[in-house]
Amino acid sequence: MTHHVILGAGPAGVIAAETIRKHAPHDTITLVGDEAEPPYSRMAIPYLLMGNIDERGTYLRKNPDHFESLQISHLHARVKSVEIATKSIVLDDNHSLSYDRLLIATGSRPVRPPIAGIESAGVHPCWTLEDARQIMALAQPGARVLQMGAGFIGCIIMEALMQRGVHLSVVEMGDRMVPRMMGPMAGGMIRDWCESQGVTVFTGTKVEAIEPGAPLKVRLSDGQIVEADLVISATGVKPNIGFLEHSGITCLQGVLTDEHLQTNVPGVYAAGDCAEAFDKVSGKTIVSAIQPNAAEQARVAALNMVGLLGQPQAELKGVTQINVLDTLGLISTSFGNWEGLPGGEQVELTDRQADGGKGRHLSLQFKDDVMVGCNSVGWTDHVGVMRGLVEGAIRLGPWKDTLTRDPTKLMEAYLASAQAQGQWSGATDERRR
């Protein structure tokens, strides 16, 4: 009987455990998580801050007996190291746990910037349920809140904070908001929209020091001092893989995997925010910290951990580079190589007055006749089409020139080109009849 050990009790770990149980009803499964709470979704924390749900609403499985009923052992512990020679893991209490198959699904951890005073009372990341409790206690209506970071996660937190009625300032060291997802025009439009909604935004600015006290005094790189009752650090995350440093498991930015989600060590797999997998769109290995990818990687890894005889190994079709963001009611998206590729072409269309002043912006990136990336602000009609064109690497033929003249013709280009290549579901179904 095989013992599957899963490190990490987030969405990837839970889905993997359930998938293993479905296909291997008699195997032993141990799910290891380092937080006291039942497995929950970090993506639900903003909704908790908004008051839309309670803590139980963040739980991945609402039935308290869910894991017990599936005979999945849920162990609360922190992993110190993985010993591949003895096929065991060492826990923080120095106890060891042996495994036959191992899945590393430990997710991400917040980056703590090297700022004087970052450990002061009233300074918190927004990553765990305990963080959320601390933030809710301080982010009362009228409170002065300064948030460090205006990336994807920062913008989601910002939405929740504004709904709590605080006076919010956001400091972003990049030259625009959401710099890893948006170009200069798009990022500038998001900033303009946030400021119109009452957020004070500092871009191209760093927090240099935080002076403890009530209120906290935050010194910015432009010399300003901003007083705050609460400082939130949302300066990014990185794969939580420090415990693998001397393990012999190959790690680059994340835990390097093949198309089966297996690492360089047979029987050891990785999935979710800590895994680095090959992305067919960009042609390189990437860490893609979004929940749909975590779920699919967990499913593929689990099937290969079970290793059903007579069936081919499950393969990861690709890593979806997809970001869809709602910033105070302004929708923005980015797919694939949104910054473009060397030797490629691009087309942009901008209307700053559209949609009651929110504005609309569309940027399409091409390599030959394939749309390799795009981003948008204020466009909600053809989000699925943009994703389909990029992920499908659909050859547009003459429609590429049409899009360079009028980028709004996305739907027509997709239907015509995908059907011609048999990638449109309607065309595929027709052939099967």
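Key figures for this structure:
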read-out: Shape category assigned to the chain from the gyration tensor of Cα positions, a/c cut at 1.5; value: oblate
read-out: Segment 257-306 shape via C-alpha gyration tensor axes, a/c threshold 1.5; value: oblate
read-out: Under the Karplus curve 6.51 cos²θ - 1.76 cosθ + 1.60, θ = phi - 60°, whole-Hz ³J(HN,Hα) for segment 353-361, x wherever Gly or Pro sits; value: 9, 5, 6, x, x, 5, x, 9, 9
read-out: Cut-off under 5 Å, modelled amide H: who pairs with residue 250 long-range; value: 264, 265
read-out: Low-density loop positions, GluC sites (Glu not before Pro), segment 1-73 - DSSP coil, at most 12 other Cβ in 10 Å; value: none
read-out: Net charge contributed by nearby residues that have their C-beta within less than 13 Å of residue 226 (K/R +1, D/E -1); value: -1
read-out: Net charge, residue 72 excluded, C-beta distance under 13 Å - Lys, Arg +1, Asp, Glu -1; value: -1
read-out: Extension reserve of the residue 130-residue 415 stretch, reckoned as 0.36 nm per residue once the Cα distance is removed; value: 97.8 nm
read-out: Segment 124-160 residues near the modelled residue 54 label - backbone nitrogen below 18 Å, point 7 Å along Cα→Cβ; value: 129-130, 132-134, 136-137
read-out: Within segment 32-59: backbone nitrogen closer than 20 Å to the residue 95 label point (7 Å, Cα to C-beta); value: 32-39
read-out: 5 angstrom amide H check on residue 285, placed H, neighbours 5+ away; value: 279
read-out: Under 26 Å from residue 206, Cα to Cα: lysines that are on another chain or at least 8 residues apart; value: 217, 238
read-out: For the chain, size of Cβ-based charge dipole, Lys and Arg +1, Asp and Glu -1, in debye; value: 440
read-out: Proximal lysines relative to residue 409, as straight alpha-carbon distance under 21 Å, when same-chain residues fewer than 8 apart are discounted; value: 367, 400
read-out: Cα-based reach from residue 22 at 25 Å (exclusive), listing lysines while leaving out same-chain residues under 8 positions away; value: 62, 87, 317
read-out: Shape call, segment 34-178: gyration tensor on alpha carbons, a/c limit 1.5; value: prolate
read-out: 222 nm mean residue ellipticity, helices alone, for the chain (DSSP H n ≥ 4; -39,500 (n - 2.57); rounded to 500); value: -7500 deg cm²/dmol
read-out: Loop sites in segment 15-104: trypsin sites (Lys or Arg not before Pro), DSSP, at most 10 other Cβ within 10 Å; value: 62
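Values in this text are rule-based calculations from the coordinates and carry no lab data. Because the structure is predicted, anything quoted here is derived from the model rather than measured. No Cβ is skipped: glycine too gets one built from the backbone with ideal geometry, and neighbour counts run over all protein chains shown.
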